[in-house]
Structures are given as C-alpha cells and as structure tokens.
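Down below is the structure, laid out as structure tokens.
No lab work stands behind these numbers, since they all come straight from the coordinates. Keep in mind that what you see is a predicted model, and the values were worked out from it rather than measured. Positions of Cβ are generated from backbone atoms using ideal geometry, with glycine treated the same way; all protein chains shown enter the neighbour counts.
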Amino acid sequence: MLYLSDEIIKQQIVAQLNEYVLTQQQVCEYLEIRNTHLAKLNHDKKLEPFHVLKNGKMNLNFYFKADVDKYKVHLDSIRNNRKK
C-alpha cells in the first residue's frame, strides 16, 4: 500500500531525473534534429544513451543532459561554420 510519503518520494525522484536526464524526443527537440539523425549519432558513437529501456519492438533511450549539452556546443559550431 502506498502512503503519502511514498508519493512525495516518487515526485522528488522524478524531479531529479528531469533535471539530469533527457529522452530521445527531448534530445531531438533540444538539438533541432530528426529522430533518424539521432539514431545515426547513436550508431556512430557520437552521442550514446546511458540506458536503453526495451519495450517489445521499441527501445527508449535515455541520455545524460551534460553529454547532450557538450554535443550541442559542437553541433552549433559546425552549423555556424556552414553559415559563413
């Protein structure tokens, strides 16, 4: 049986995860790329998920926000060089 304190603990855990972890969709929106491009980044080991949640035929990848931030700096510099 769940008690009120259990719900509060769950909410705290979720809040901490949201601060440090991004899902595939959040990464795509943050980097402004398509989901297929994210799969290529995974394959090329440029951006690796720290956890893969397997659900039948589909996989859900989770990424550390710090890793995504580092790659965004690299990606933005490439995009800026192309504009010049």
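Just name the residue that is nearest to ASP67 (Cα to Cα) out of those in the stretch 5-33 that are of a type in the set (D, E, K, R) and within 13 Å of the chain's Cα centre (by Cα). Out of the qualifying residues, it is GLU19. Filtering the stretch 31-84 to residues that are of a type in the set (Asp, Glu) and more than 21 Å from GLN16 (Cα to Cα) leaves GLU32, ASP44, ASP76. So which residues in the stretch 50-64 are exposed (fewer than 15 other Cβ atoms within 10 Å of the Cβ) and in contact with a helix residue (DSSP H, G or I) (Cβ under 7 Å, 6 or more places away or on another chain)? Listed by number, the list holds a single entry, LEU60.
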